[in-house]
Amino acid sequence: MSVVRAFIAVDLPPDLQERLAQVTSELREQMGDVPVRWVPAQNMHLTLKFLGDVSLNNLDVLADILRGETADREPMVISLGGLGAYPKTRRPRVIWVGVEAPAAMEAIQRGIDKQTGRVGYARDRRPFSPHITLGRVSRNATPRDVRIIGDILNIKKVGFLGVARVREIHLYRSDLQSGGAVYSRLFSASLNADK
Ligand code: ATP
Ligand code: MG
């Protein structure tokens, strides 16, 4: 049975991806040679649901879920700014820029999580915490690396970066290649501009 690694996400406009890439390049310069896998600008997005392995036979079901969760909702605006790390800046695994989203975005995320859960995909254990991942800290990071990363994250100020209008939500496949993850769209569902 053919499977693909898949996730559901919202895209960012190129100007915002550029601003995020600018923040990334400043962080890289300030942090120096630490083992962080930085996300290239064109891969930056807001993940709503990571599905993991998806059978190609399930794509129609997932497309229906996406359509169902978007059809009765109107386009919305999200706002980007602020810098941090999960689980915390002193124990950084994921370095992120924050996202402010309206309650409707969380409702869509919850709906998708619930409906995909019903057809067998693992439910999200943590509450939705919208963010844009800039980089992932390697498990090989030394205590010194971790201290450097934490220090910079605590000092650096990232203000408001801009807004994005969300009109569509996409199902992506992710192919992990030697040069990094390559994402391609499998299906897109539009929010309803007539609502
Ligand atoms: P790489 O794993 O090579 O660093 P990546 O993380 O960009 O690349 P994927 O691992 O395929 O690529 O992840 C696709 C999207 O799903 C990303 O937004 C990622 O943050 C998110 N994601 C991946 N794994 C999980 C997980 N276990 N829980 C929640 N979100 C995840
Ligand atoms: Mg990953």
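Table for the structure above
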| item | result |
| --- | --- |
| Share of carbon and sulfur in the accessible heavy-atom surface of segment 1-88 [1.4 Å probe, %] | 46 percent |
| Distance (nanometres) between label positions extended 7 Å along Cα→Cβ at ASP64 and ARG123 | 2.1 nm |
| Nearby lysines by direct alpha-carbon distance to LYS114 (threshold 21 angstrom, same-chain neighbours under 8 apart not counted) | LYS49 |
| Positive dipole terminus of the chain, leading residue within LEU161, ILE8, LEU134 (C-beta point charges) | LEU134 |
| Cα→Cβ-extended label distance, 7 Å offset, between ASN192 and GLN42, nm | 3.5 nm |
| ³J(HN,Hα) computed for each position of segment 16-27 - Karplus, 6.51 cos²θ - 1.76 cosθ + 1.60, integer Hz, glycine/proline x | 6, 4, 5, 5, 5, 5, 5, 4, 4, 5, 5, 4 |
| Charge sum, other residues only, whose C-beta stays under 13 Å from GLN109's C-beta, Lys/Arg counted +1 and Asp/Glu -1 | +2 |
| Pairwise centroid distance, computed over Cα atoms, of segment 83-102 with segment 149-190, Å | 13 Å |
| Accessible surface of THR47 - all protein chains present, 1.4 Å probe, nearest 10 Å² | 60 Å² |
| Which of ARG125, ARG110 is most accessible, then next, and so on - probe 1.4 Å | ARG125, ARG110 |
| Using a Förster distance of 35 Å, the FRET efficiency for GLU74-ARG144 (Cβ separation, nearest 0.05) | 0.10 |
| ³J(HN,Hα) computed for each position of segment 182-190 - Karplus, 6.51 cos²θ - 1.76 cosθ + 1.60, integer Hz, glycine/proline x | 10, 9, 9, 6, 9, 7, 10, 10, 8 |
| ARG73 long-range amide H proximity, modeled H, under 5 Å | ASN192 |
| Whole-Hz ³J(HN,Hα) from phi, Karplus 6.51 cos²θ - 1.76 cosθ + 1.60, for segment 68-84, glycine and proline x | x, 7, 10, 4, 9, 10, 8, x, 9, 10, 10, 10, 10, x, x, 10, x |
| Net lengthening on full extension, ARG90/SER25 (0.36 nm per residue, minus Cα-Cα) | 21.3 nm |
| Helix-only mean residue ellipticity at 222 nm for the chain, each DSSP H run of n ≥ 4 adding -39500 (n - 2.57), per residue, nearest 500 | -10000 deg cm²/dmol |
| Relative contact order of the chain, defined on C-alpha pairs under 8 angstrom at six or more residues apart (%) | 34 percent |
| Normalised contact order of segment 1-99, rounded percent, pairs of Cα under 8 Å and 6 or more residues apart | 31 percent |
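The values are calculated or read from the model by the stated rules, or taken from the named source; none is laboratory data. Every value quoted in this text rests on a predicted model; they were computed, and no experiment measured them. In this analysis, Cβ positions are derived from the backbone assuming ideal geometry, glycine residues included, and neighbour counts consider all displayed protein chains. We work out accessible area using only protein heavy atoms, side chains counted, and drop any ligands, DNA or RNA first. Shrake-Rupley method; radii C 1.70, N 1.55, O 1.52, S 1.80 Å.
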